Structures are given as structure tokens and as C-alpha cells.
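Structure, as C-alpha cells:
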Amino acid sequence: MKVLIIQQKMIGDVLATSIMFEAIKKRYPEAELHYVLNSHTYPVVEQNPYIDHFHFFTPEHEKSKRKLWQFATQLRHENFDVVIDAYSKLSSNIITFRSKAKTKISIDKGHNSLIYNHRFKNKSTASTNAGLAIENRLQLLTPLDIDSEKIIKPKIFLSKEEKNKAEAFLKSNGLDLDRPLFMIGVLGSGPEKTYPFEYMAKVIDTIVKHQSESQILFNYIPKQEADARAIFDLCQPETQSHIFFDVFGKSLRDFLAITAHCDALIGNEGGAINMAKALDIPTFTFFSPWIKKEAWNMFDDGENHVSVHLRDYETSFYENTKHPKELKSKTNELYQAFKPELFEAELKRFLSKF
């Protein structure tokens, strides 16, 4: 059996969808599994032993209808038996439509019934602590006679060489791996998913005050340095002395290897949190007020993985709304109400085990 799984979009989505490869491989060890994904997300599934071949969807494919059609034609020649489209957008619809697969599976978007012969409505309520992102993907495997209730966690695979290199890098920059080491996701994927700078600084102050031996790393990329520096400057002087501001991964794989040596990742919901979970690193997550927490609070257990959302403390903002996304235009106002004091007790409880 030859299977193509399509998952465009961001790192968290690519990681969540990667569980399907493990599930299929365990049920059909001889299956040949291919993955279509955005080229920039590849590092999080690099070295994944359950994926046989990668096909990269690039910005050029997104911009050019001709190149997209050529890409779809190239994949058509692979003669897939099954295509699973985890997101169902126009480009993935075209790839699926062009394929010769007899089994075509996706989520039910109403208009895509002519392309897919197996469609599934996204669940609105999770049955387990795996969360909706995981459960909704696993149900796509039921046409392949795979038990969708058997939960699989996303995993990131690092080589021993990558881990050793990261350890040497940290030690050479003065970090003591016998002391608590926390990676802070100081910035989200955009302003509407970034906890207010002054609040984030207070959170970091709390971490250092509660854990006086803490060593702090910031997760940011070079183009975000000014914003990361602004958060650093808002921290108390004592806190700043615990922050190794210039110690960060130069690439995504470097970040992953460094994070693997951390005791926890604390910060904005997004790719970094999902990657930490896939590395089996404890997490404490701040959700943007307009994001549906139930969709992405994967494997929250109140101990190793904890997440907080404004709705956990102030329900009045969410009255008469069917989905938090309806409040996206009020993000700034809602963020201001999401004060660190609301979840300070939970954060201290989380930190106490390190």
C-alpha cells in the first residue's frame, strides 16, 4: 500500500499530523508512506523513521498555478493507493484530485464532497487529554481499519550527535546543566498570539524569584531580537542576571537540540510548545484569548503539561460566543485582562518540581 499524507500550514500542524505515519506503519509495516509539507517545517519531522519520502510544498507552488499543477502531476505519477488530506485547502484539493488514489480522505468542509470519498467532521469536544488536534487527525485513519481511539503522541527524533553538540554549546556559554534551565517562548507567531511584553517580563521575574537557581534562555530568531530585547529590558535587574540572552539556536534543529536539555519550556502557545511536548519536555503554556484551548492543549495533565487561558478565569468575555475566534478583533483588550496574577499559583506549582 502506498499512502500520501498532505499537511500544509505550520509546525504544530505538521507535528500533529506526523502521528498518522506511526499509526499506519504499525498497522501496515510494509506500507510506503509519503508526506507533503511546507518546506520550512521539515526540521521537525527530519529523521522520523515512520516517514519514507518527503515532498516539499514551496512558496513558488503557492504563488504559481502552473507550478502547483506540475507538482500535482509529479505526485500523480507516484500512483498512490490512498491520499489523506489533513487540512483540505485549494492546493491540497488539487493534489488529491489529480492523484490516482481510490481512497481519498479528508475533513468535511461541505464543498469538497466531489473530491474525497471519506470525509469526517471535526469533533467539537475532546474525549481524552490528547486534545482535538490529535483526535481529529486519528479519525481520518478509520477507513484504513486503524483504531482512532488508540492515542499516539507526536515525536521529534534527534541524533546523539545533535544532542552532544547542543550540550557542548550550552556548557561553553557558561550554563550549568545541573541547575534548572528554562526555555521561554517569549514571542508568539504574531502579535495576536503574543502575551503582552510587560506581562511576560513579570512571568519571568516570578520564575527567577521562585527558583533562585534558574537559568533562562529566550526562544527567538534574529529578526525578532528587538522584541525579545524589549522583554528582557522590562525584567527586573536580578532577573536579567539569570537570562542568557545571546544563547539561542541558529537553526530549528539547533533549537530542538538545545530544548532537549531544558527542564521546561514556558511561554506562548505555538510551535515551540508543540515541539517541546514532542521532545517530552514539560511545558507551561499561555493561550491567546481568541484561540480555542481545547484544540491545542495536547496532553495537558496538570503536572508535566499545564496551559492557561483567559477563559479559565474570566468567563464573562465569552458569553454569547460560539468560538473564541469571534473575539479576535478584541485581542489587545482581552490580553490586558489576562494578568499574570491570575495564574501565578499554577505557575509556582509547576515550577516547584524542578
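Here are the numbers:
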{"quantity": "Within segment 38-54: backbone nitrogen closer than 19 Å to the LYS163 label point (7 Å, Cα to C-beta)", "calculated": "44-50"}
{"quantity": "Carbon + sulfur, % of accessible area of segment 272-354 - ligands and nucleic acids excluded, 1.4 Å", "calculated": "44 percent"}
{"quantity": "Whole-angstrom gap from segment 101-152 to segment 211-286, using each part's C-alpha centre", "calculated": "34 Å"}
{"quantity": "Surface per residue (accessible, 1.4 Å probe) for segment 144-289, Å²", "calculated": "43 Å²"}
{"quantity": "GluC sites (Glu not before Pro) restricted to DSSP loop in segment 110-165 with at most 16 other C-beta within 10 Å", "calculated": "GLU149"}
{"quantity": "Two-decimal log10 I(q)/I(0) for segment 183-228, as the Debye equation yields it once each C-alpha is a single scatterer, q = 0.21, 0.24 Å⁻¹", "calculated": "-0.73, -0.90"}
{"quantity": "Three-way shape call for segment 76-213 based on the alpha-carbon gyration tensor, with the a/c threshold at 1.5", "calculated": "prolate"}
{"quantity": "Förster-model FRET efficiency, 22 Å R0, LYS292 and THR142, C-beta, rounded to 0.05", "calculated": "0.40"}
{"quantity": "Helical mean residue ellipticity (222 nm; -39500 (n - 2.57) per DSSP H run of 4+; nearest 500) of the chain", "calculated": "-9500 deg cm²/dmol"}
{"quantity": "In degrees, nearest ten, helix 197-210 long axis to first principal axis of the chain (Cα)", "calculated": "60 degrees"}
{"quantity": "Gyration tensor verdict on segment 1-135 (Cα atoms; rounded if a/c is under 1.5, prolate if a/b is larger than b/c, oblate otherwise)", "calculated": "rounded"}
{"quantity": "Label-point gap, in nm, between SER127 and THR315 - each point 7 angstrom along Cα→Cβ", "calculated": "2.6 nm"}
{"quantity": "Pair GLN70, GLU238: separation of 7 Å Cα→Cβ label points (nm)", "calculated": "6.2 nm"}
{"quantity": "Phi-based couplings in Hz for segment 266-272 (Karplus 6.51, -1.76, 1.60; Gly and Pro marked x)", "calculated": "10, x, 5, 4, x, x, 4"}
{"quantity": "Principal axis dimensions, largest first and in whole angstrom, of segment 287-348 by Cα", "calculated": "32, 24, 16"}
{"quantity": "Note, ³J(HN,Hα) from phi for segment 333-350, Karplus 6.51, -1.76, 1.60, rounded to Hz, x at Gly and Pro", "calculated": "4, 5, 4, 5, 7, 8, 6, x, 4, 5, 10, 4, 5, 5, 5, 5, 5, 5"}
{"quantity": "Segment 294-354: trypsin sites (Lys or Arg not before Pro) in DSSP loop, at most 15 other beta carbons within 10 Å", "calculated": "LYS322, LYS353"}
{"quantity": "Among TYR50, TYR318, TYR42, residue whose mean-square fluctuation peaks in a GNM of the chain (springs only between Cα atoms under 10 Å)", "calculated": "TYR318"}
{"quantity": "Anisotropy class of segment 40-91 from Cα gyration tensor, a/c 1.5 cut", "calculated": "oblate"}
{"quantity": "Rounded to 10°, Cα long-axis angle of helix 160-172 versus longest principal axis of the chain", "calculated": "20 degrees"}
{"quantity": "Long-range HN-HN contacts of THR103 with modeled amide H, under 5 Å", "calculated": "VAL83"}
{"quantity": "Among LYS250, LYS155, LYS223, residue whose mean-square fluctuation peaks in a GNM of the chain (springs only between Cα atoms under 10 Å)", "calculated": "LYS223"}
{"quantity": "Integer Hz, Karplus 6.51/-1.76/1.60 couplings in order for segment 90-107, x for Gly and Pro", "calculated": "4, 5, 6, 4, 5, 4, 5, 4, 6, 5, 9, 5, 7, 10, 10, 10, 7, 6"}
{"quantity": "Convex hull projection area averaged over all views, the chain, Cα basis, nm²", "calculated": "18.2 nm²"}
{"quantity": "Positive-end residue of PHE248, THR58, HIS323, charge dipole of the chain with Cβ unit charges", "calculated": "THR58"}
{"quantity": "Distant alpha-carbon pairs in segment 1-51 (separation over 13 angstrom), percent", "calculated": "52 percent"}
{"quantity": "Size of charge dipole - the chain - debye, nearest 20, with Cβ of Lys, Arg +1 and Asp, Glu -1, no other charges", "calculated": "1560 debye"}
{"quantity": "Residue-span extension gain [SER251 to LEU342] - 0.36 nm each, minus C-alpha spacing", "calculated": "29.3 nm"}
{"quantity": "Label-point separation in nm, HIS77 to LYS109, each point 7 Å along Cα→Cβ", "calculated": "2.7 nm"}
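The values are calculated or read from the model by the stated rules, or taken from the named source; none is laboratory data. Bear in mind the structure is a predicted one, so any value in this text is a computation, not a measurement. Don't worry about glycine lacking a Cβ; one is built from the backbone with ideal geometry, like all the others, and counts go over all protein chains shown. Each accessible area value is taken on the protein alone, full model and side chains, heavy atoms only, with ligands, DNA and RNA left out. Shrake-Rupley method; radii C 1.70, N 1.55, O 1.52, S 1.80 Å.
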